[in-house]
Amino acid sequence: MSSLTQSNGIQSLRRAAVRGSLAASVHNTQPWTFVVGTHALEIHADPKRRLSILDPAGRQMIISCGCALFNVRVSLAANGYRSAVERFPDPGRPDVLARLTIVHDPSAAASDLAALNPLIDLRRTNRRRFAEDAVPEDLVSELVSVAGIEGAQLVPVTRAEDRVVVSVLSQRADAQENADPAYRAELRAWTTDDARRGDGVPALAVPHGGVGAHDDVPIRDFDTSGTGSLPTETRSSLNQCLLLLGTDADTPAAWLRTGEALERLLLEVTRHGYSASPMTQIIEVPNTRALLRTELRLKMQPQILLRIGRAPATPATRRRRLVEVLVESA
Ligand SMILES: Cc1cc2nc3c(=O)[nH]c(=O)nc-3n(C[C@H](O)[C@H](O)[C@H](O)COP(=O)(O)O)c2cc1C
């Protein structure tokens, strides 16, 4: 490889790390490190950023890293690189989640993946009230097939009885979690009014005070200090478009795939002018997760509940500085 090509490759890998860091992550923990070499990039989980109360097994930490991995793949394609992805390449180092080795291939820039690159900047988790109009079936079918491409399954929750189950179990999970002072303390530590802080969920991106209790399918109440900027009314109702994302297995490898599928879905939703918010409380509480599976007769392992709809814009959340997340390998 010529030194010019090599330096372009490194630049593209660095750029991909920046794009990776814009991905969704649980509580905006950004639990990742990008290790950049001359033709490869690794994504490592950062267990210090795992939520020990909400996420003892690291499921959501790894899903979050999968979201970052998807953005990295998109960015490399947009820059004209094909990437070979090895997931969990080193059995002795379980925190090394993926290694991407790149080959220059200008045709990659015309791929479906590359076309998603501009949407990385526009994607947001939107916790506002969604409009009542139905999400078109064509869009839902497209999302179902996109999840399949990423090795996951997306199941629309359409039957009235199933929606009631999702509602009742979401309310139960919300009540159970909020009754635990340790859960509330962890949430407080990851919500912030500090505009200089590069992580955590900012007050600007959450509804003001006491959301959840009056909604059919409560969204997580992040407003720990009563300074949330969005309107309190979220109207997260039984009638909205509810989708369950899941996988065949419930292993770290499946969690990584879930994250890749989730980020892809979120970018596709953005492309169509819709908004989404992941809702994971029902998955975090072991007994609501188990009941969700049996009551909805799911063959898959549910990983994420998503609501989709049209909503006014919501502000971007902050990210850690590049020096904190990017390591250049020797
Ligand atoms: C695995 C995972 C779980 C999440 N769970 C929730 C949730 O239960 N409620 C919620 O409002 N947002 C949830 N989110 C969204 C994150 O809070 C959001 O991605 C993060 O704050 C960064 O903001 P952004 O998505 O607007 O960039 C989740 C995201 C991920 C990746």
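The values are calculated or read from the model by the stated rules, or taken from the named source; none is laboratory data. Note that the structure is predicted; figures quoted are calculated from it, not measured. A quick note on method: Cβ atoms are made from the backbone with ideal geometry, for glycine too, and the neighbour counts reach across all protein chains shown.
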For the stretch 237-245, state whether one or more residues are more than 24 Å from MET300 (Cα to Cα) and away from the ligand (no atom under 13 Å from the Cβ).
-> yes
Determine whether the stretch 244-262 contains at least one residue that is in contact with a Cys (Cβ under 9 Å, 6 or more places away or on another chain) and either among the aromatic types (Phe, Trp, Tyr) or assigned to a loop (DSSP other than H, G, I, E, B) (or both).
-> yes
Which condition breaks for GLN11 when tested against (1) free of Cβ contacts under 8 Å to residues at least 12 places away in the same chain; (2) within 14 Å of the ligand (Cβ to nearest atom)?
-> (2)
Filtered residue count, the stretch 16-37, keeping only those that are in a loop (DSSP other than H, G, I, E, B), within 15 Å of the ligand (Cβ to nearest atom) and in contact (Cβ under 8 Å) with a residue 40 or more places away in the chain | 7
Only one residue in ALA114, ALA175, ALA108, ALA147 is modelled with pLDDT under 95, of a type in the set (Gly, Ala, Ser) and assigned to a helix (DSSP H, G or I). Which one?
-> ALA175
Is it true that some residue in the stretch 190-206 is part of a helix (DSSP H, G or I) and free of Cβ contacts under 8 Å to residues at least 24 places away in the same chain?
-> no
Given the conditions (1) surrounded by fewer than 19 Cβ atoms within 10 Å (Cβ to Cβ); (2) within 12 Å of the ligand (Cβ to nearest atom); (3) not basic (Lys, Arg), report the number of the one that VAL217 does not fulfil.
-> (1)
Would you check if there is a residue in the stretch 243-259 being within 19 Å of HIS27 (Cα to Cα) and over 17 Å from the mean Cα position of the chain (by Cα)?
-> no
Report yes if THR258 is more than 14 Å from ARG123 (Cα to Cα) and among the β-branched types (Val, Ile, Thr), otherwise no.
-> yes
Output for Cβ contacts, cut-off 6 Å, separation at least six or different chains, first residue outside the structural domain of GLU177 (by TED's automatic domain parsing) in the stretch 289-303, second surrounded by fewer than 16 Cβ atoms within 10 Å (Cβ to Cβ) and not in a loop (DSSP other than H, G, I, E, B), reads none
Hey, among ALA40, ALA77, which residue is in contact (Cβ under 8 Å) with a residue 40 or more places away in the chain, buried (at least 21 other Cβ atoms within 10 Å of the Cβ) and away from the ligand (no atom under 14 Å from the Cβ)?
-> ALA77
Could you tell me whether PRO94 is assigned to a loop (DSSP other than H, G, I, E, B), under 19 Å from the mean Cα position of the chain (by Cα), away from the ligand (no atom under 11 Å from the Cβ) and outside the structural domain of ALA254 (by TED's automatic domain parsing)?
-> no
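To keep it simple, each residue is scored yes or no on (1) buried (at least 23 other Cβ atoms within 10 Å of the Cβ); (2) more than 15 Å from the chain's Cα centre (by Cα); (3) assigned to a helix (DSSP H, G or I); (4) outside the structural domain of ALA152 (by TED's automatic domain parsing).
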{"site": "GLN11", "(1), (2), (3), (4)": "no, yes, yes, yes"}
{"site": "LYS48", "(1), (2), (3), (4)": "no, yes, yes, yes"}
{"site": "ASN71", "(1), (2), (3), (4)": "yes, no, yes, yes"}
{"site": "PRO89", "(1), (2), (3), (4)": "no, yes, no, yes"}
